[in-house]
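Peer 1: The structure follows.
The values are calculated or read from the model by the stated rules, or taken from the named source; none is laboratory data. Given the structure is predicted, the values throughout are model-derived calculations rather than measurements. Backbone-built Cβ (ideal geometry, glycine too); neighbour counts: all protein chains shown. Heavy atoms of the whole protein, side chains included, go into the accessibility calculation; ligands, DNA and RNA do not. Shrake-Rupley method; radii C 1.70, N 1.55, O 1.52, S 1.80 Å.
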Amino acid sequence: MSKRPNIVFITSDQQRADCYGFAGRRVKTPHLDRLRAEGAHAPTCITPAPVCQPARASILTGKLPKTHGVKDNGIDLRPEIGNRSFARQLSEAGYATALIGKAHFASTQTFTPRQNPECKSGSADYPADWHGPYMGFDHVELVTQGHWHKFRAPITPPNGQHYEKWFFDTVGGEDAFDLWKDETRPGTGAAQTWSSALPVAWHSSTWATDRALRWLHKRDENKPFCLWLSLPDPHHPFDCPEPWSRLHDRDEVDLPAHRTKDLDRRPWWHRASLEGEPQLDDPLFKKFRKQGTRIPDQSDEQLRDMTANYYGMISLIDHNVGRVMAALADEGLAEDTIVIYTSDHGDYMGDHGLYLKGPILYDSLLNVGMIARGPGIAPGSTVTDVATTLDLAATFCDYAGTRMPEDAQSVSMRGALEGQGGAHEAVYAEWDVSPSRCGVRLDLRSVHTGDSKLTVELQSGAGEMYDLTNDPDEMNNLWDDPAAADLQARLVALLKARPGVELTSFDPPSGVA
């Protein structure tokens, strides 16, 4: 390829690998289905971390969480590390770079004010016309909070960033938050689930896509560009607006085959993470940990309601992906642009009787899948090897004719996308869980080969292992099973071969998320 391509990178937040129409679930995603038909699909693409901040920092820096230092939510990515991102490498190589939407490289819900554009209070120090640079991007327009919660006051001007100031000052006014909380039809009592009265025109997915299209139209046409459009849905609460909340009939959505807890068959930390008391002094933050990130068992009726709203949020994202693809075609950019779509992490969505996310590392959380379309990528092709979003940084640099710093662990997946085979025998995920989340510290690491997976809690040495070829629902834990001793030995060796430097000290949390 003689001409360097443009790059459009689109991410959702908390979308599972199987939640596309083409992947078999009953979710309506016509534009993503078309993107897959026109390009490559990596059905097994593993996130380096199952929660937002570590996962996003890994995408940005091409480093695993315990290498870049953001080992859990609530720890800010150091600017000197973030500024060595793929965005910085592309900017220095002559690309125009922009991040529009949710960044979440730093904590929003902080214990005390921080001098950071994403901090709920420190953001007030940034003028209305501030648009970066930030973490290597030349231009940013940010959604600070990502999602509101009914029991927690929203970030309002002068706090917040571009979306909050637009939403509360320009279009919504004083009643905007109440309108978002209002329910347009009776629900089932499903946790954090309702049909929101928020107008779709005011929704964060609409706003971020509007701003991305405006940036594309006004960009410097003499430069190739890299745009990260980061959409905050379908992260909970499942607050889908009308009419998207009615797009999927509650009675017709698909439910997981195994949707009851079976904690007695699992390692000790499964129960501990669900039953422990978060170690937080602040009562509001503690309430958020207990009610915002843990929810009680749901009936099938409630899970159907939750799933229908989750699907509706994905379909609204899909609609906006279609807008981006149409804009690229309108401006004559489609043939010269690599478009990649994935998510930061998944959602249990009832698997094993679990909801949202937590330190139980099933593929519901770890596998986010990936779609890529563009020059050199064969339509309808499939990446059969295991992949990781850690490799996006090196991939973007490869297409741009530059490279990541030597200490990055990211490896280009360009060859895999172009049909030349994957780059890894195994990929990694890790999460050093703070006691503020579930009352006990957990140091978890997974190694994933695509057809098998092993997770170890590194302090206790306890683990779990699954043969994903024969047991894709992860029902039969083979850890210490004599019949699987060879597989366990192989995966333990791979786990110990984690690449790169592993830090031994970390910055203290600045907040909870």
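Peer 1: Would you mind getting the accessible area per residue of region 347-445, heavy atoms of the protein chains only, 1.4 Å probe, in Å²? Mind dumping the intermediate values first?
Peer 2: Working: 2680 Å² over 99 residues.
Result: 27 Å² per residue.
Peer 1: Using 10 Å bins from zero, what percent of all Cα-Cα pairs in region 229-372 falls into each bin?
Peer 2: Spelled out bin by bin, region 229-372 gives 10, 32, 32, 18, 7, 1 percent.
Peer 1: Give me the number: length gained by fully extending N476 to E425, i.e. 0.36 nm times residue separation minus the C-alpha to C-alpha distance, one decimal in nm. Mind showing how you got there, number by number?
Peer 2: On the way: separation 51, 0.36 × 51 = 18.36 nm, distance 2.30 nm.
Value of the extension gain: 16.1 nm.
Peer 1: Then there is this: Multiply the residue separation of A201 and E406 by 0.36 nm, subtract the distance between their alpha-carbon atoms, and state the gained length in nm to one decimal.
Peer 2: 69.4 nm
Peer 1: Hey, another quick one. For region 282-328, with all protein chains present and a 1.4 Å probe, just round the carbon and sulfur fraction of the accessible area to a whole percent.
Peer 2: Working: 820 of 1570 Å².
It is 52 percent, rounded to a whole number.
Peer 1: Next question. Using a 1.4 angstrom probe on heavy atoms only, work out the carbon and sulfur share of the accessible area of region 7-162 in %. Write down the numbers at each step before the final one.
Peer 2: Numbers: 2210 of 4390 Å².
Ligands and nucleic acids excluded, carbon and sulfur reach 50 percent.
Peer 1: Under the Karplus relation 6.51 cos²θ - 1.76 cosθ + 1.60, θ = phi - 60°, what is the ordered set of whole-Hz ³J(HN,Hα) values for region 452-459, x standing for Gly and Pro?
Peer 2: Along region 452-459, the couplings run 7, 8, 10, 10, 10, 8, 5, 6 Hz.
Peer 1: Now for a separate question. So what's the net charge close to Q279: Lys and Arg +1, Asp and Glu -1, counting the other residues with Cβ under 10 Å from its Cβ?
Peer 2: Working: positive: K286, R289, R437, R441; negative: E277, D281.
So the environment of Q279 carries a net charge of +2.
Peer 1: Just to be sure I understand the model, the point goes 7 Å from the Cα along the line to the Cβ. What's the resulting D330 to D300 distance in nm?
Peer 2: Here the answer is 4.6 nm between the modelled labels.
Peer 1: How many lysine pairs are close in region 159-287, with Cα atoms under 28 Å apart and the two 8 or more places apart or on different chains?
Peer 2: Working: K165/K181; K165/K218; K165/K286; K165/K287; K181/K286; K181/K287; K261/K286; K261/K287.
Count of close lysine pairs: 8.
Peer 1: Just order 245-251, 335-341 by mean Cβ neighbour count inside 10 Å, highest at the front, would you?
Peer 2: Those peptides, ordered most packed to least, come out 335-341, 245-251.
Peer 1: Averaging sequence separations of C-alpha pairs under 8 Å and six or more residues apart, then dividing by the length of region 157-260, give the relative contact order as a whole percent.
Peer 2: RCO, region 157-260: 26 percent.
Peer 1: If you don't mind, there's one more thing I want to ask. Skip the ligands, DNA and RNA, and give the accessible area per residue of region 109-222 with a 1.4 Å probe, whole Å².
Peer 2: Values: 4940 Å² over 114 residues.
Each residue of region 109-222 exposes 43 Å² on average to a 1.4 Å probe.
Peer 1: Within 10 Å, count the other beta carbons around each residue, average over each peptide in 473-481, 350-358, and list them highest first. Mind dumping the intermediate values first?
Peer 2: Details: 473-481: 15.7, 350-358: 21.6.
Ranked from most to least packed, the peptides come out as 350-358, 473-481.
Peer 1: Using mean Cβ contacts within 10 Å as the protection proxy, how do 431-442, 460-471 order, highest first? Kindly include the intermediate steps, with their values, before the conclusion.
Peer 2: Numbers: 431-442: 20.8, 460-471: 15.8.
Listed from highest to lowest mean packing, they are 431-442, 460-471.
Peer 1: For the chain, what is the relative contact order in percent, using Cα pairs closer than 8 Å and at least 6 residues apart in sequence?
Peer 2: Numbers: 1161 pairs, mean separation 135.0, N = 513.
Once divided by the residue count of the chain, the mean separation gives 26 percent.
Peer 1: Which Cα, out of L356, G422, A387, lies furthest along the positive dipole direction of region 275-423 (beta carbon charges, K/R +1, D/E -1)?
Peer 2: L356
Peer 1: Could you give me the ³J(HN,Hα) list for region 402-410, computed from phi with Karplus coefficients 6.51, -1.76, 1.60 and θ = phi - 60°, whole Hz, x at Gly and Pro?
Peer 2: Karplus values, whole Hz, x for Gly and Pro: 9, 8, 6, x, 4, 7, 6, 9, 6.
Peer 1: Starting from the Cα-Cα distance between T382 and E275, subtract it from 0.36 nm times their residue separation and give me the gain in nm to one decimal. Mind showing how you got there, number by number?
Peer 2: Values: separation 107, 0.36 × 107 = 38.52 nm, distance 4.05 nm.
Length gained, T382 through E275: 34.5 nm.
Peer 1: If I model a spin label at V171 and H217 as a point 7 Å from the Cα along the Cα→Cβ vector, what separation in nanometres do I get?
Peer 2: Once both label points are built, they end up 1.5 nm from each other.
Peer 1: List every residue whose amide H lies under 5 Å from the amide H of Q459, counting only residues 5 or more places away in sequence or on a different chain, with H placed 1.01 Å from N in the peptide plane.
Peer 2: Residues meeting the criterion, in which the H sits 1.01 Å from N, are D443.
Peer 1: Calculated from the structure, Rg/Rh (Cα atoms, Kirkwood Rh) equals which of (i) 1.05; (ii) 1.34; (iii) 0.93?
Peer 2: It is the value labelled (iii).
Peer 1: First measure r as the distance between the Cβ atoms of F151 and T184, then evaluate 1/(1 + (r/R0)^6) with R0 = 22 Å and state the FRET efficiency to the nearest 0.05.
Peer 2: Working: r = 20 Å, r/R0 = 0.92.
With R0 = 22 Å, the Cβ-Cβ based efficiency is 0.60.
Peer 1: When Lys and Arg each count +1 and Asp and Glu each count -1, what net charge do the other residues less than 12 Å away from G39, Cβ to Cβ, add up to? Could the numbers behind the result be given before it?
Peer 2: Working: positive: R34, R36, R373; negative: D33, E38, E418.
That works out to 0.
Peer 1: How high is the relative contact order of region 97-161, given as a whole-number percent (alpha carbon pairs under 8 Å, six or more residues apart)?
Peer 2: Details: 103 pairs, mean separation 25.1, N = 65.
Relative contact order of region 97-161: 39 percent.
Peer 1: What share of the DSSP beta bridges in the chain is antiparallel, in percent to the nearest 5?
Peer 2: On the way: 29 of 57 bridges.
Counting only bridges with both partners in the chain, antiparallel ones make up about 50 percent.
Peer 1: OK, next. Please list, ordered by chain and number, the residues whose modelled amide H lies under 5 Å from the amide H of L142; skip anything fewer than 5 residues away on the same chain.
Peer 2: Answer set, sorted by chain and number: G101, H162, Y163.
Peer 1: Using the Karplus curve 6.51 cos²θ - 1.76 cosθ + 1.60 with θ = phi - 60°, what ³J(HN,Hα) values do you get for each residue of region 334-349, in whole Hz, with x for Gly and Pro?
Peer 2: 4, 6, 10, 10, 7, 10, 10, 10, 7, 9, 7, 6, x, 8, 4, 6
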